[in-house]
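Down below is the structure, laid out as structure tokens.
The values are calculated or read from the model by the stated rules, or taken from the named source; none is laboratory data. Keep in mind it's a predicted model, so treat the numbers as computed, not measured. Every residue, glycine as well, gets a Cβ built from its backbone with ideal geometry; the counts of neighbours run over all protein chains shown. For the accessible areas, the whole protein counts, side chains as well, though only heavy atoms, and no ligand, DNA or RNA atoms are used. Shrake-Rupley method; radii C 1.70, N 1.55, O 1.52, S 1.80 Å.
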Amino acid sequence: MSLIEAEIMCGIIGVVQERGEVAPFLHQALKRLEYRGYDSVGVTTIANEHLYIKKEKGKIDEVHKKLNLDDLPGSIGIGHTRWATHGIPSMLNSHPHFDCNDEIAVVHNGVIDNFLELRSELSARGHVFNSDTDTEVIPHMIEEYMNEGMDLKAALRRVALRIEGTYAIVVMTTREPDKICAVRDGNPLVIGTQEGVHYISSDIPAFLPMTNNMVLLLDGEIASLSASGVQIEKLSDGSRVQRESIKVSWTADQAQKGGFPHFMLKEIHEQPEAIRNTLRLRRDSIVKATEIIQSADKVYMIAMGTSSHAAMAGRHMFGSLGGVLPICELASDFQDSVYDALSGDDCILAITQSGETTDTIAATKYAKHLGAKVIAVTNVVGSSITQSADHTIITQAGPEIGVAATKTFMVQLTALAQIALTLAESNRKMDRDIILRKREGLARLPEIVSEVITRNEERSRMLAGVFYDKPSFLFLGRGVSVATANEGALKLKEIAYNHAEGYSAGQSKHGPIALVQDGYPVVCVVPRDVTRNRMIGNIMEMKARGASIVSVVEKDDQEVSGLSDHVLEIPAGVESEFSPMPYVVPLQLFSYYVALRKGYDPDKPRNLAKSVTVL
Ligand code: F6R
């Protein structure tokens, strides 16, 4: 077993209230954090000067069945879902972790780089460790400092100044049984406030059914929560931070399944509404982004995964409409590829639905350090990315719970489309009538996407039945549709585990066509735009090698439909730059139904977590 354990993509919840038992709330809050991905769970409460503890490896429902998570006493408690990254999931490694006397309980997300050194120091002083985690040094350090006479907050501050790495830490102790303390640097924590109750969590939905008033805790700050109030201080000098609470517009209902069997399906269906809400973004926010872009020397778009596909599509929108062609880079490779090309005169558009992706945040910080301006496009108010951005655009998808991104992709495209159109208006190279037509085209997308869902849901389900056991797929497109093809392939891989490659159709005959033989599925994205005729050429090449062609195609495009074995139909009248928005939807549905057909849970793909907070 490795000693290098790190708790990175986990869920944290803490609650302190005047009276009443908190255990049932902790249990339900942890259920709402399930989407982060996890393999073990734990809760601890304080009552009668004792810690009450339940923790175990496994899913929450299984653990609850075995241990009954609801029957711990006390009106203060913390809980955690752990997603193991380096070591095994086990009861002993699951959080909370404790000091030698079971008086101090700690949950933690992040990595403590110098934990080995700390652990051997503590062991030499007689502390006994029960797990292989880096986290366990924290309660033992707090124990040491409290034994020197410090209170919990002072001890936690000392710990934070001593540890190296990234963290969100939440802690409580029987020695101060009415208080939770928390500190963060590099991992998210938000505080929920309500009369007589305070919450702290890694994610807003955990406390959303109780309150939508929240107070941000920023990196380098330490908080102390009691039933009656919250105090925040700077770690560096202990100075008080006065911060108003803000209202999150998300509703608890939005974070529930609302009659759909899975969050992913619900979220696919919410896309028309998500676009509509994101089209209502404040005009001055879009204009400000446009001004930053226009005054930049070079413009970069950085992102990961689905967000990187939004960046690819956004690049086309900016180029075609706005006359600006950004350089798209994966955030993970940004520092390694940009060399001296990046300067303080440049601008970075960082696209990340969670606002917590470590690759994207690291690349952003690097760009900031060189003086570049940063525009963040994110779906989460107060997320880490917003702290290093010069300007933030908050997309309006509401909470996305399914691990596979669907509606957040859609709203990223909606936001980027608005920036592209504002660039077009401002640089005056494009005819005003054309810009107006494009704006109207964008405004029609909620209805179009809604029609796409109605028209293709059953058809996607049927196609899933035909193709679910094919081991490998090619998804092809040209121009802006390469982004659509990539996103379609990613969805299939991540939730249904069929191998799939998204590819430029132009590039396909330079290698991937070798894969094609009788019945090999090739999914072709063929909007009626400048790429259509060349896509027809690619379809013919693939057919000649026996491929089974599924085309995503405009409804009355008889020619492409006639060449295809199966079609997924999109209504006419989509502006070419925005075609990824409706054209990706049948591919999301297809992946969803393939996953179902194969018996997988589309909301919880294996090995994946909602926020990837590790490099
Ligand atoms: C795919 C998916 C991931 C994320 C990626 C970036 O469905 O969800 O590929 O897109 O991890 O996440 P964000 O956008 O939060 O930076």
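Summary table below
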| read-out | value |
| --- | --- |
| Distance from segment 328-354 to segment 403-433 (C-alpha centre basis), Å | 20 Å |
| In degrees, nearest ten, helix 481-496 long axis to first principal axis of the chain (Cα) | 50 degrees |
| Residues residue 390 and residue 130, FRET efficiency given R0 of 51 Å [Cβ-Cβ distance, rounded to 0.05] | 0.65 |
| Full-extension gain in nm, residue 517 to residue 62, via 0.36 nm per residue minus C-alpha separation | 159.3 nm |
| Stretchable slack from residue 365 to residue 340, in nm (0.36 nm times residue separation minus alpha-carbon distance) | 7.4 nm |
| Accessible carbon and sulfur surface of segment 456-597 relative to its total accessible area, %, 1.4 Å | 49 percent |
| 0 to 90° range, to nearest 10: angle between helix 283-294 axis and the chain longest Cα axis | 80 degrees |
| Separation in nanometres of the label points that stand 7 Å from Cα toward Cβ, at residue 433 and residue 234 | 5.9 nm |
| Whole-angstrom gap from segment 388-402 to segment 189-239, using each part's C-alpha centre | 20 Å |
| Cα-projected label distance for residue 545 with residue 497, points at 7 Å along beta-carbon direction, nm | 2.8 nm |
| Equivalent ellipsoid semi-axes, the chain, via Cα gyration tensor eigenvalues times 5, rooted, Å | 45, 27, 22 |
| Accessible surface, per residue, of segment 382-443 when the full set of protein chains is kept, probe 1.4 Å, Å² | 31 Å² |
| Length gained when the stretch residue 249-residue 507 is fully extended (0.36 nm per residue, less Cα-Cα span) | 88.5 nm |
| Three-way shape label, segment 263-443, alpha-carbon gyration tensor, a/c 1.5 | oblate |
| FRET efficiency for residue 226 and residue 284, using Cβ-Cβ distance with R0 set to 30 Å, rounded to 0.05 | 0.15 |
| For segment 11-247: rounded, prolate or oblate by the Cα gyration tensor [a/c cutoff 1.5] | rounded |
| Near-label residues of segment 561-580 by backbone N, under 19 Å of a point 7 Å along Cα→Cβ of residue 534 | 576-580 |
| Between helix 580-597 and the chain: long-axis angle, C-alpha atoms, 0 to 90°, nearest 10 | 60 degrees |
| Accessible area expressed per residue, segment 444-506, with surrounding protein chains retained (probe 1.4 Å, Å²) | 33 Å² |
| Mean-position separation - Cα centroids, segment 365-385 and segment 443-513, in angstrom | 31 Å |
| Carbon plus sulfur fraction of accessible area for segment 11-247, probe 1.4 Å, in percent | 46 percent |
